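Heads up, the thing below is written out as structure tokens.
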Amino acid sequence: MAHLRTLTILAALAAFAGLAQAHETGQEPAPAQSWQKDLKRADLLRSDLDNPGTEVIQARVDFEPGVASPKHSHPGVEVAFVIDGTFEYQLAGRAPVTLKAGESLYIPAGTPHVAKNVGKGTASELATYIVRKGEPLLKLEP
């Protein structure tokens, strides 16, 4: 079931990522296959928490240089820890913040945001989510 959810999330990202990049650059959207090739996500952990109706999900996400996620939010908090490379995070209502390997960012529940690899090599983050169980992990935002 977790594998199916991961594939669904990747398909949604693929479908909308090209549109998000086109909006930022003024260029035509990239093909969905190209986006899937440039962003890799591996779910590492999923476990129920003591608080009924909540779960923790941990995933490693690898971005090729210049790749940005579409604007999205989560049904709970996210803690992003940069494993390698340099990311720029744009959270709604805040100035962009740049993080390098070893730095973390707290993203409040429901906050629309974009993550972009602004370095020259592959950038990787460990994303830890504490979310409401049974809801889609990712909601695309306009």
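Regarding segment 42-51, can at least one residue be identified that is buried (at least 19 other Cβ atoms within 10 Å of the Cβ) and either small (Gly, Ala, Ser) or in contact (Cβ under 8 Å) with a residue 12 or more places away in the chain (or both)? Explain how you work it out, then say what you get.
Start the filter on segment 42-51 by keeping residues that are buried (at least 19 other Cβ atoms within 10 Å of the Cβ), which leaves none.
No.
Could you check segment 86-127 and list, in sequence order, the residues that are under 17 Å from ALA68 (Cα atoms) and of a type in the set (Gly, Ala, Ser)?
Residues of segment 86-127 that are under 17 Å from ALA68 (Cα atoms), as a first pass: 86-92, 95-100, 105, 107, 111-127.
Scanning segment 86-127 gives ALA92, ALA95, ALA115, GLY119, GLY121, ALA123, SER124, ALA127.
Filter segment 87-110 for residues that are in a strand (DSSP E or B), surrounded by fewer than 15 Cβ atoms within 10 Å (Cβ to Cβ) and touching a residue at least 24 places away in the same chain (Cβ under 8 Å) and give the result.
If the condition is that a residue be in a strand (DSSP E or B), surrounded by fewer than 15 Cβ atoms within 10 Å (Cβ to Cβ) and touching a residue at least 24 places away in the same chain (Cβ under 8 Å), then SER104, TYR106 are the ones that fit.
Select from segment 90-116 the residues that are over 16 Å from ALA59 (Cβ atoms), within 14 Å of the chain's Cα centre (by Cα) and not β-branched (Val, Ile, Thr) and list them in ascending order.
Taking segment 90-116 and keeping what is over 16 Å from ALA59 (Cβ atoms), we get 90-103, 106, 108-112, 114, 116.
Then keep just the ones that are within 14 Å of the chain's Cα centre (by Cα); that gives 90-91, 106, 108-112, 114, 116.
Answer for segment 90-116, where residues must be over 16 Å from ALA59 (Cβ atoms), within 14 Å of the chain's Cα centre (by Cα) and not β-branched (Val, Ile, Thr): GLN90, LEU91, TYR106, PRO108, ALA109, GLY110, PRO112, LYS116.
Within the group HIS74, HIS113, which residue is touching a residue at least 60 places away in the same chain (Cβ under 8 Å), closer than 30 Å to ASN51 by Cα and of a type outside the set (Gly, Ala, Ser)?
On the way: HIS113 fails: touching a residue at least 60 places away in the same chain (Cβ under 8 Å).
Answer to the selection: HIS74.
Bear in mind these aren't lab numbers, they're just calculated from the coordinates by the rules spelled out. Keep in mind the model is a prediction, meaning the values are calculated, not measured. No Cβ is skipped: glycine too gets one built from the backbone with ideal geometry, and neighbour counts run over all protein chains shown.
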